[in-house]
Amino acid sequence: MASGLRLFRDRVGNQLTADPVLDASGGEKLMHVEPSVVISLGNRLVEAAGTLYVTTKQVVWLSEADVNMGYALDFLSISLHAVSTDPKTFAFPCIYIQIDSDCADESSDDSECEDIQNMEHTDFLKKITELRLGPSNPNNLNTLFNVLCDCAELNPDVVPEQDENNEWNFGGNQMSFDDSEWMMSENASLPIGLSDEQQILSRTLQELNMNDQRFEDAEESENMADKS
């Protein structure tokens, strides 16, 4: 389930330099820290810089000006990330991230948010489909990109699990696979994946059809002989 962008305020202490609280019991580890990173949510720019924390499970940005301002994004909610250096695309070199959220399809308008406080609303954050992270030193972009790649590999997409009846679910549609359906039949004239009884019946019908065909051929030959 893609949770999307969310508000994050859990710091180890009340200082602006405090690190985020991690899920140590769940195995979450801090992989990279990048200070002085500007963040842009959707088409809006959050002017105050913050510190970026990349962990084994999520990306966390904490404001360096407001202890109560911060955002987090699970790697499972990141559908794409790339380095962007084209000034025509954005004002500064950055890491561009596309966000996969269950609420992303709902209509939203960035213009409705007149200030940062409005942007902190959970419903609005879940509708954000892209963000940009601009470090003060553009030379660190490649390093940051590589760290994101490494951590993304630690969080692969969940693959649908096979149930006891060998059925797979695909968006409400079910496809059933029986092991016998994938076996090559020794007799190419017999359908693949039939039960023993079905195969016997199929073989019998084929033999009857062959006998009927032979009878018709024999009768036709006799008629031709009589005419001659």
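Read the figures in this text as sums done on the coordinates, not as results from a lab. None of these values were measured; they are calculated from a predicted model. No Cβ is skipped: glycine too gets one built from the backbone with ideal geometry, and neighbour counts run over all protein chains shown.
Test of understanding: ordering Asp74, Asp86, Asp100, Asp10 by Cβ neighbours within 10 Å, fewest first, what list do you get? Numbers along the way, then the final one.
Working: Asp74 19, Asp86 7, Asp100 16, Asp10 12.
Arranged by neighbour count, lowest to highest, Asp74, Asp86, Asp100, Asp10 become Asp86, Asp10, Asp100, Asp74.
Listing Lys57, Lys88 from the residue with the fewest other Cβ atoms within 10 Å to the one with the most, what is the order? Walk me through the intermediate numbers first.
Numbers: Lys57 20, Lys88 5.
Fewest to most other Cβ atoms nearby, the residues stand as Lys88, Lys57.
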- For Thr51, Thr143, Thr56, ascending order of other Cβ atoms within 10 Å (fewest first) is Thr143, Thr56, Thr51
- Residue separation between Thr89 and Asn43 times 0.36 nm, minus their alpha-carbon distance, gives in nm 15.4 nm
- Net charge of Cβ neighbours under 12 Å - reference Ala82; Lys, Arg +1; Asp, Glu -1: -1
- Message: Please give me, ordered by residue number, the trypsin sites (Lys or Arg not before Pro) of segment 5-45 that lie in loop per DSSP and have at most 16 other Cβ atoms within 10 Å.
- Response: Arg9, Lys29
- Query: So how far apart, in nm, are the two label points at Ser136 and Glu28 if each is 7 Å from Cα heading toward Cβ?
  - Reply: 2.6
